[in-house]
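Q: Below you will find the structure I want to go over with you.
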Amino acid sequence: MGEYARSLAIARATQRRWPRADIHFILSREASYAASVPFAATLLDSSPTFHTRAVARSIKEFKPTIVVFDNAGRTGQLRAARRQGARIVYISARSRQRRKAFRWRWMRILDEHWIAYPQLIAGELGWWEQFKLKTLGRPVVRYLDVILSRTLPEDDSMAKRVGLKPGAYVLVVPGGGTGHPGAQDAGAQFLAAANSLAETETVVFVGPSKTADAGVPMRPESSNASMPSARLRCFDSLPQADLADLMSHARLVLTNGGSTLMQAIACGRACIAVPIARDQSQRIQHCVDAGVAVSAELAAQSILNAATKLLHDESARAALARRASNLKLANGIDIALNALAHLAERA
């Protein structure tokens, strides 16, 4: 889900900057978002990573100027794009994918390698990576920092539209489009913590929920303690710009250790981060060490305890928010658009 959300944000921004741009996605039809992608799309039986011939055929038919592989791809797919004369961008969001992009044969094919996170999280280029770049003179490496779509000046604030007062609610965003090994119930753990917090706080939950009702306050039908609280407002999903607006005005953000965490930090909010995938624990630890997040285990009680502690400690919460703001993370959308403009000029 993180890869799609990132690519979608870049695609939307590309469309706004170049309205005549022809944009095409290649996706798995099994993905939860496949039916709602707002661009032309080729849908495959599973991840495009496993369908090199189909991807190569689609590239040949579409004849793209630029192909962006987001955290996935095969050598044969990259070569297919090169045969069509396309400029090639690879986005790495994990250390394994970063190592793939720094293989000699991939570096000779790639025009640009975008690292999805800031140096704080992803780490600086190592001496071996620098040696390879100096030897080959390619590809261009950029850190995207954080992909964060913002509402336009003429748009109403999402918080205002749904009647939320700035600084008067807790935002809970489990993230993750599918369950990860060992964390299939991540959404349920976050939702349980959100419901408990809503006994005393106004809470906004953004994520799949059987009880979600498009932002309408949840009202229990009985006194059963497991029923949702009237203070809990749920959304199955939101456009990234609306989610960023909610982040910017939240008193506290509870989320996973992926892109959503970086977005919340970029918004200058106090954050509690919970790992829902194996690669997220180290990322969260970097943020904890930098003093811009607090960690919790993937268990409703652990999440609730961490949130309750911060909500009762104004100085600690303010310090987290201040250090997050001081990072001054760049908007990766601007970085990506400038890079795409450069690539299009060279095509």
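Q: So what's the angle, to the nearest 10 degrees on a 0 to 90 scale, between helix 127-136 and the longest Cα principal axis of the chain?
A: Helix 127-136 and the main axis of the chain meet at about 30 degrees.
Q: Something else now. Quick one: angle between helix 52-62 and the longest Cα principal axis of the chain, in degrees between 0 and 90, rounded to 10, please.
A: Value to nearest ten degrees: 80.
Q: Let me ask something additional. Restricting to DSSP H runs of at least four residues, report the calculated mean residue ellipticity at 222 nm for the chain, -39500 (n - 2.57) per run over all residues, nearest 500 deg cm²/dmol.
A: Using -39500 (n - 2.57) per qualifying helix, the result is -12000 deg cm²/dmol.
Q: When a/c is below 1.5 the answer is rounded, else prolate if a/b is larger than b/c, else oblate, so apply that to segment 50-153 with a ≥ b ≥ c taken from the square roots of the Cα gyration tensor eigenvalues.
A: It comes out oblate by the Cα gyration axes.
Q: Name the residues whose placed amide hydrogens come within less than 5 Å of the amide hydrogen of Ile26, ignoring near sequence neighbours (fewer than 5 apart) on the same chain.
A: Under 5 Å from the amide H of Ile26: Thr42.
Q: Is the C-alpha gyration tensor of segment 17-78 telling us rounded, prolate or oblate? Criteria: a/c under 1.5 is rounded; beyond that, a/b larger than b/c is prolate, otherwise oblate.
A: Oblate shape, in that a/c is at least 1.5 and b/c is the bigger or equal ratio.
Q: Give the percent of DSSP beta bridges with both residues in the chain that are antiparallel, rounded to the nearest 5.
A: Percent antiparallel among DSSP bridges in the chain is about 5.
Q: What number comes out for accessible area per residue over the chain if the probe is 1.4 Å? Units Å², please. Could you put the intermediate results ahead of the total?
A: Values: 16970 Å² over 347 residues.
Here the per-residue accessible area is 49 Å².
Q: Right, next: Excluding Leu311 itself, calculate the net charge of residues whose Cβ lies under 14 Å from the Cβ of Leu311, where each Lys or Arg counts +1 and each Asp or Glu counts -1.
A: Values: positive: Arg231, Arg251, Arg269, Lys309, Arg317; negative: Glu199, Glu201, Asp313, Glu314.
Here the count lands on +1.
Q: Could you tell me which of rounded, prolate or oblate describes segment 106-172, using a ≥ b ≥ c as the square roots of the eigenvalues of the alpha-carbon gyration tensor, with rounded for a/c under 1.5 and, failing that, prolate when a/b is larger than b/c and oblate otherwise? Please report the intermediate quantities before stating the final value.
A: On the way: a/c = 5.51, a/b = 2.81, b/c = 1.96.
It is prolate, given that a/c is not under 1.5 and a/b is the larger ratio.
Q: Considering the chain as a Gaussian network with a 10 Å cut-off on Cα pairs, which listed residue, Ala21, Ala56, Ala41, attains the greatest mean-square fluctuation?
A: Maximum among the listed residues: Ala21.
Q: While we're looking at this one, here's another question. At a 1.4 Å probe radius, carbon and sulfur cover how many percent of the accessible area of the chain? Before the final figure, lay out the partial values.
A: Values: 8430 of 16970 Å².
Whole-percent figure for carbon plus sulfur exposure: 50.
Q: Next up: To the nearest 20 Debye, how big is the dipole of the chain about its Cα centre, given +1 on the beta carbon of each Lys and Arg and -1 on that of each Asp and Glu? Display every interim value, and only then the final one.
A: Values: 45 positive and 29 negative charges, 344 e Å.
That gives the chain a dipole magnitude of about 1660 debye.
Q: Angle, helix 332-346 long axis vs. longest principal axis of the chain, Cα atoms, 0 to 90°, nearest 10?
A: The answer is roughly 10 degrees.
Q: For Ala270, what charge total do you get from the other residues with a beta carbon under 13 Å from its beta carbon, if Lys and Arg give +1 and Asp and Glu give -1?
A: Residues close to Ala270 contribute a combined charge of +4.
Q: Defining a contact as two alpha carbons under 8 Å apart and six or more residues distant in sequence, what relative contact order in percent does the chain show?
A: Answer for the chain is 15 percent.
Q: Shifting gears a bit: Quick one: Cα centre-to-centre distance for segment 261-284 and segment 80-109, in angstrom?
A: Each part's Cα centre sits 26 Å from the other's.
Q: Under the Karplus relation 6.51 cos²θ - 1.76 cosθ + 1.60, θ = phi - 60°, what is the ordered set of whole-Hz ³J(HN,Hα) values for segment 269-286, x standing for Gly and Pro?
A: Calculated HN-Hα couplings, in order: 9, 6, 10, 10, 10, 10, x, 10, 9, 4, 7, 8, 4, 5, 4, 5, 4, 4 Hz.
The values are calculated or read from the model by the stated rules, or taken from the named source; none is laboratory data. Keep in mind the model is a prediction, meaning the values are calculated, not measured. Cβ: placed from backbone, ideal geometry, glycine included. Neighbour counts: every protein chain shown. To get the accessible areas, we keep the full protein, side chains included, count just its heavy atoms, and leave off ligands, DNA and RNA. Shrake-Rupley method; radii C 1.70, N 1.55, O 1.52, S 1.80 Å.
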